[in-house]
Structures are given as C-alpha cells and as structure tokens.
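Attaching a single structure in structure tokens format; questions to follow.
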Amino acid sequence: MKLNIVGRQMNVWDEMKATIDAKLKKLDKYFDDSCTATVTLSARKNEKCLEITILSSGTIFRSEIRAETFRNALDRAIDNIERQIRKNKTRLIKRLRSGAFDQGMFETGEEIEEDPEFTIRRKSFTLKPMSVEEAIMQMNLVEHEFFVFRNDKDEKISVVYKRHDNTYGLIEEE
C-alpha cells in the first residue's frame with residue numbers, strides 16, 4: 001500500500017508518521033500493493049482530526065475521526081475502515097486482494113451483520129437550469145444535504161452539498 005501523509009496547517013512529526021505507517025500495515029491483508037492510502041491530519045483548538053482515504057481498484061474507503069489525540073483518532077479510523085470492509089464483505093470480494101477474507105481474519109469477537117441488500121428509493125425529476133446560488137437556496141429550502149441541478153452557465157449536471165464545517169461544496173460534470 002502506498003502511503004501519503006498530509007498535515008493541514010501543521011507539520012507531521014516523524015514519530016507520528018512511523019506510528020501511522022505501522023498501524024496501516026494492519027490493513028495490508030485486504031489491499032494489494034497498487035492501493036493508495038492518504039492520511040490527513042489537522043488540529044483545531046483542542047480537537048484533533050484524522051482522515052484516512054484508501055483508493056483500491058476504484059473503490060474508496062474513508063473514515064474521518066475527531067478525538068483528543070491523533071493516536072486515538074487513528075485507532076478509531078482504522079477500526080471504522082475494517083468495519084466497513086466486514087459489513088460489505090460479499091460485495092467487496094472481487095475488488096479486494098485474493099484471500100482477504102480467509103477464515104480467522106476477523107477474530108475480534110465483534111459480530112458485524114452484513115447488509116443483505118441496499119434499500120433504494122427512486123425519484124425522478126426535471127433538471128431545471130439554475131445558478132449555484134439558487135441551487136444552494138433550493139437545497140436549504142427542502143432541508144437536504146445535497147441538491148442535483150443543471151448549471152445555467154454550461155448546461156452540465158452539478159451537485160451542491162453541505163459540508164461538515166457548514167460550508168458548501170460543488171461537484172461538476174466533466
């Protein structure tokens with residue numbers, strides 16, 4: 001697994017880099033060498049934030065944890081990613097490393113129930129051309145976390161969404 005460690009508005013010390021590398025080796029049993037992991041660390045006031053994003057065969061695994069220390073956040077984030085893998089085991093078998101789900105791999109004693117199927121509610125609607133500002137207003141009016149619309153500037157499909165820090169994001173079609 002290729003590892004990238006990023007510090008947002010901070011320097012990541014060598015001891016922390018070594019700890020992250022050692023702890024992420026625990027996940028090597030699921031991923032092959034072509035997989036890329038990015039660990040982003042940031043600190044605000046007394047809160048530490050650690051985000052792990054793993055890209056493997058077109059599948060993204062992500063966990064963002066806020067804790068008092070980076071070590072606690074790292075442990076919880078790795079546990080969270082392992083839980084995601086176990087929960088979606090049958091869907092992931094073809095995408096992960098062969099032998100990733102051999103017997104004895106999950107000896108935590110914790111029972112994780114697999115999702116038998118995804119529950120899908122379908123909606124269809126007409127995409128009206130509108131500005132980004134209007135789309136944000138519409139999203140807030142319907143009290144959703146995201147809103148799909150056709151951008152009036154280039155006629156492409158776009159998505160606005162509310163981020164955790166109460167800012168907005170925009171996803172645009174290429």
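The values are calculated or read from the model by the stated rules, or taken from the named source; none is laboratory data. Quantities reported herein were computed from a predicted structural model and do not represent experimental measurements. Backbone-built Cβ (ideal geometry, glycine too); neighbour counts: all protein chains shown.
So, in the range 12-47, exactly how many residues are farther than 17 Å from R62 by Cα and either part of a strand (DSSP E or B) or at pLDDT 90 or above (or both)?
So the count comes out to 12.
Now for a different question. Check whether at least one residue in the range 48-67 is more than 20 Å from the chain's Cα centre (by Cα) and more than 18 Å from N88 (Cβ to Cβ), and report yes or no.
no
Follow-up question, since we're still on this one. Would you tally the residues in the range 126-151 being surrounded by 14 or more Cβ atoms within 10 Å (Cβ to Cβ) and either among the acidic types (D, E) or not in a helix (DSSP H, G or I) (or both)?
Residues flagged as surrounded by 14 or more Cβ atoms within 10 Å (Cβ to Cβ) and either among the acidic types (D, E) or not in a helix (DSSP H, G or I) (or both) within the range 126-151 amount to 7.
Within the range 98-113, is even one residue at pLDDT 80 or above, out of contact with any strand residue (DSSP E or B) (no Cβ under 7 Å at 6 or more places or on another chain) and in a loop (DSSP other than H, G, I, E, B)?
There is no residue in the range 98-113 that is at pLDDT 80 or above, out of contact with any strand residue (DSSP E or B) (no Cβ under 7 Å at 6 or more places or on another chain) and in a loop (DSSP other than H, G, I, E, B).
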